[in-house]
1. Determine whether the stretch 243-252 contains at least one residue that is in contact (Cβ under 8 Å) with a residue 12 or more places away in the chain, part of a loop (DSSP other than H, G, I, E, B) and hydrophobic (A, V, I, L, M, F, W, C).
2. Mind checking whether some residue in the stretch 203-211 is under 22 Å from Val119 (Cα atoms) and in contact (Cβ under 8 Å) with a residue 12 or more places away in the chain?
3. Could you please find all residues in the stretch 293-308 being crowded, with 22+ Cβ neighbours inside 10 Å and not hydrophobic (A, V, I, L, M, F, W, C)?
4. Give me the pairs: first residue in the stretch 136-163 and within 17 Å of Thr83 (Cβ to Cβ), second residue open to solvent by less than 10 Å² (accessible area, probe 1.4 Å) and basic (Lys, Arg), beta-carbon distance under 8 Å, and six or more apart or on different chains, which are they?
5. Provide a single number: the residues in the stretch 83-94 that are of a type outside the set (D, E, K, R) and surrounded by fewer than 18 Cβ atoms within 10 Å (Cβ to Cβ).
6. Considering Gly214, Gly258, Gly278, Gly235, which residue is assigned to a loop (DSSP other than H, G, I, E, B) and either under 23 Å from Pro123 (Cβ atoms) or open to solvent by less than 10 Å² (accessible area, probe 1.4 Å) (or both)?
7. Looking at (1) crowded, with 21+ Cβ neighbours inside 10 Å; (2) assigned to a strand (DSSP E or B); (3) of a type in the set (D, E, K, R), find the lone condition where Glu147 falls short.
8. Can you pull out every residue in the stretch 95-116 that is modelled with pLDDT of 90 or more, open to solvent by less than 10 Å² (accessible area, probe 1.4 Å) and out of contact with any His (no Cβ under 7 Å at 6 or more places or on another chain)?
Amino acid sequence: MPETPEIPEIPAPSQPIPEDPEAAGAAPAADTDGEGVDATAGPEPEHGAAAPDLGEPGFAHSAAVVAGSLVPDSVLQVAARATLPFQAARADLSFATAFWYNDLIETGGDHEVIRQYLVTAAPRTRFEIGQWTLRGDLTDPEQPLDELVMGGFAKRWTVLDGLGVAVMPTVDLHLHAERKGWRWDTQEITDGLAAQPDDIAAIGDDPLPAYVLGHEADDSGASAHPDRPQALLAGEVRRAAPDAPLTWSGQLPTGFDGSPVFAALPLPDEQLKLLCLGVALPGAGGPDAPATVVAFAELRSAIHALAPRRRRHWWQRG
């Protein structure tokens, strides 16, 4: 009988993340390779500003050419390496998708300080042992497709009250990669790409074309692990009233819970801007209810509130 191969495992939760972001891996200015908790980088593009490269967050482009594949292609340009599939370990259940998000903590001079999280649907995180699909295209050097088991899974996530969303600092994933001799090479949803309250307020009862980027799974118990190919699901979003939630036009396939949702909003002069609207969750009205989208208009402040207050050294004022 062939020997069962060893599955890479991230040990039980590491020590608490230091309150001082500089001690938690904040990189020096112009260095973007932090420990996955904090890093510094150059300023992001202005939210929704025109950009010559469609790979920039918040691109603006003529609406006349959107009838083809511009928007979905642009979603893949900015976010194809932003998603990571996972499930309850070895149980063939609770399939979901998480995505990398950079919370903008502070700007100053020619650098920004960010705190990095994985974001997903909270109900999919309530297990003692979780199992990530290690996507080879998210690693440098590229690693074989594999399963990455994580102990103490539920304890690593912070559930955002009333939103149905959970977030996890990425520090342990970065430390695991460092121990194994590689690094994560991902794209992240940034402050410039994440929708602002005014963007969500502009969405009304008229359906707006939108896309969910996730990893579908076979929930029959016969799925071939660890393979969870990425797929871009086309649909529409709308808000029935100004105070109503943002809804998706249908149900989410198995494995898409927690996926990021994208849309291109119209600007003056027939321009568009690409945004990540928020997190896709199953509808609350039963199995036939349309999915909902928890918008970054609510998520941004809830995630930002998790960051510890930055300590200033004795030589720093303010």
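The values are calculated or read from the model by the stated rules, or taken from the named source; none is laboratory data. Note that this is a predicted model, so its numbers are computed, not measured. Here Cβ is always computed from backbone atoms with ideal geometry, including for glycine, and neighbour counts include all displayed protein chains. Calculation scope for accessible area: heavy atoms of the full protein, side chains included, ligands and nucleic acids excluded. Shrake-Rupley method; radii C 1.70, N 1.55, O 1.52, S 1.80 Å.
1. Residues of the stretch 243-252 in contact (Cβ under 8 Å) with a residue 12 or more places away in the chain: 245-252.
Filter again for part of a loop (DSSP other than H, G, I, E, B), leaving 245, 249-252.
Then keep just the ones that are hydrophobic (A, V, I, L, M, F, W, C); that gives 252.
Scanning the stretch 243-252 turns up at least one residue that is in contact (Cβ under 8 Å) with a residue 12 or more places away in the chain, part of a loop (DSSP other than H, G, I, E, B) and hydrophobic (A, V, I, L, M, F, W, C).
2. The initial filter retains those residues of the stretch 203-211 that are under 22 Å from Val119 (Cα atoms), namely 210-211.
When the remaining residues are screened for being in contact (Cβ under 8 Å) with a residue 12 or more places away in the chain, the result is 210-211.
Checked the stretch 203-211: at least one residue is under 22 Å from Val119 (Cα atoms) and in contact (Cβ under 8 Å) with a residue 12 or more places away in the chain.
3. Correct list: empty.
4. none
5. First, pick out the residues of the stretch 83-94 that are of a type outside the set (D, E, K, R): 83-89, 91, 93-94.
In the following step, the residues that additionally are surrounded by fewer than 18 Cβ atoms within 10 Å (Cβ to Cβ) were identified as 91, 93.
So the count comes out to 2.
6. On the way: Gly214 fails: assigned to a loop (DSSP other than H, G, I, E, B); Gly278 fails: assigned to a loop (DSSP other than H, G, I, E, B); Gly235 fails: assigned to a loop (DSSP other than H, G, I, E, B).
Result: Gly258 is the single residue among Gly214, Gly258, Gly278, Gly235 that is assigned to a loop (DSSP other than H, G, I, E, B) and either under 23 Å from Pro123 (Cβ atoms) or open to solvent by less than 10 Å² (accessible area, probe 1.4 Å) (or both).
7. Against the list (1) crowded, with 21+ Cβ neighbours inside 10 Å; (2) assigned to a strand (DSSP E or B); (3) of a type in the set (D, E, K, R), Glu147 comes up short only on (1).
8. Phe95, Ala96, Ala98, Phe99, Trp100, Tyr101
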